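The values are calculated or read from the model by the stated rules, or taken from the named source; none is laboratory data. Small disclaimer: the values here were computed from a predicted structure and weren't measured. Calculation scope for accessible area: heavy atoms of the full protein, side chains included, ligands and nucleic acids excluded. Shrake-Rupley method; radii C 1.70, N 1.55, O 1.52, S 1.80 Å.
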Amino acid sequence: MDYNYLVPANSKKQSLIFGFLTPTDAIIAAVGIGISFLLFAIFHSASFFISLLIILPAFVSGFLVFPIPNYHNARIFFREMYRFYFVNRRKYVWRGWCYKYEQSNDEQSS
C-alpha cells in the first residue's frame, strides 16, 4: 500500500497557544496585562488621562502580539524591519535588461 499524506495548510497553528500566540508572545501579553491590572489595583483614578496611562501597557503588548498579514504579528514585523535597516543593510544594484552594460563614472571609482 502506498500512503501519501496531505498536510493541511493550518497545521502550524496547532502548535501555537490559542492558535496565534507563540510562548514569547504569550509572555509579552501576560506581562502587559498583568502590569495594567497591578497599576489599576494601586492607583484608583477617576481621571480619564490617568486611566489611559494605566491601561497603556496592555494596549502596547496587545499591539505587539496582534497578528498581521505576511508576518506572524507586529512584533515580528518590527524585528524584521529593524534587521533590514540597521543590522543587515544591503545595497541592491539593479542593472536591468540591456544589450550592453556600461558602467557610469560613479561605479568605476568604487
Worksheet, complete the sentence: Dimensionless Rg/Rh of segment 40-90, both radii on Cα and Rh by Kirkwood, sits at 1.23
Fill in: With DNA, RNA and ligands ignored, accessible area of Ile50 (1.4 Å probe; Å², nearest 10)
70 Å²
